[in-house]
Amino acid sequence: MVTRQFPRPAELLELMQFRKPEFDARKRRLESALTIYDLRAIAKRRTPKAAFDYTDGAAEGELSLARARQAFEDVEFHPDILRPAANVDTSTEILGGPSALPFGIAPTGFTRLMQTEGETAGAGAAGAAGIPFTLSTLGTTSIEDVKKANPHGRNWFQLYVMRDREIS
């Protein structure tokens, strides 16, 4: 007859990887998101429909949105060809000025629909990253407040030219 052997607790301990429970529901949700589509699903569940549709949608037939999503899907990483690079320089020049990365934050109207700090948070993040920030004509923050949030950054303004030039 075979006698049952129980493993020693020390042997089991290395196999069990307990994590501390996360009590912050927002943090728990975001940590469970693995893709941009997971984040979109979270936003869709938690955001009022009008605000979500405004943020999630695009102009006209959403052709540019479909192309951008397809381009994102077409990106393939090949980790076997990546090599350590000691001195990577991502900085570039955008419209005659420096940028730490080859992009900036584009204008988005009604930003506070999705986040209470709105453009102020975006401008601060752009300043911290060393990239340009663009305030929309339909922004929810004043030019002066954007400048306070990003005092040394490159702050741009998107101007919609209206038929009534006084409005512009």
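Determine whether the range 44-58 contains at least one residue that is among the aliphatic types (A, V, I, L, M), outside any loop (DSSP other than H, G, I, E, B) and surrounded by 12 or more Cβ atoms within 10 Å (Cβ to Cβ). Yes, the range 44-58 contains at least one residue that is among the aliphatic types (A, V, I, L, M), outside any loop (DSSP other than H, G, I, E, B) and surrounded by 12 or more Cβ atoms within 10 Å (Cβ to Cβ). Reported count of residues in the range 64-104, each being among the hydrophobic types (A, V, I, L, M, F, W, C), in a loop (DSSP other than H, G, I, E, B), surrounded by fewer than 10 Cβ atoms within 10 Å (Cβ to Cβ) and modelled with pLDDT of 85 or more, is 3. Among the residues of the range 7-37, those that are assigned to a helix (DSSP H, G or I) and under 30 Å from residue 73 (Cα atoms) comprise 25, 26, 27, 28, 29, 30, 31, 32, 36, 37.
Scanning the range 105-119 for residues that are farther than 13 Å from residue 133 by Cα, touching a residue at least 40 places away in the same chain (Cβ under 8 Å) and outside any helix (DSSP H, G or I) yields a count of 2. Looking at the range 29-54, I want the residues that are under 21 Å from residue 69 (Cβ atoms) and have a partner that is small (Gly, Ala, Ser) and part of a loop (DSSP other than H, G, I, E, B) with Cβ atoms under 8 Å, at least 6 apart or on another chain. Which pairs are those? The qualifying pairs are 39/33; 42/33. With respect to the conditions (1) closer than 24 Å to residue 109 by Cβ; (2) surrounded by 10 or more Cβ atoms within 10 Å (Cβ to Cβ), residue 61 lacks only one, and its number is (2). The single residue among 125, 66 that is among the small types (Gly, Ala, Ser) and closer than 30 Å to residue 168 by Cα turns out to be 125. Residue pairs whose Cβ atoms lie under 6 Å apart, separated by 6 or more positions or on different chains, with the first residue in the range 152-168 and of a type in the set (Ser, Thr, Tyr) and the second exposed (fewer than 10 other Cβ atoms within 10 Å of the Cβ), are 168/161.
Residues of the range 105-147 that are loosely packed, with under 14 Cβ neighbours inside 10 Å, in contact with a Phe, Trp or Tyr (Cβ under 8 Å, 6 or more places away or on another chain) and farther than 26 Å from residue 46 by Cα: 143 alone. Which residues, taken from the range 1-35, are closer than 30 Å to residue 115 by Cα and surrounded by 10 or more Cβ atoms within 10 Å (Cβ to Cβ)? Residues satisfying the conditions are 22, 26, 27, 28, 29, 30, 31, 32, 33.
The values are calculated or read from the model by the stated rules, or taken from the named source; none is laboratory data. All figures in this text were calculated on a predicted structure; none of them were measured in a lab. Because the Cβ atoms are built from the backbone with ideal geometry, glycine has one as well, and the counts that use them run over all protein chains shown.
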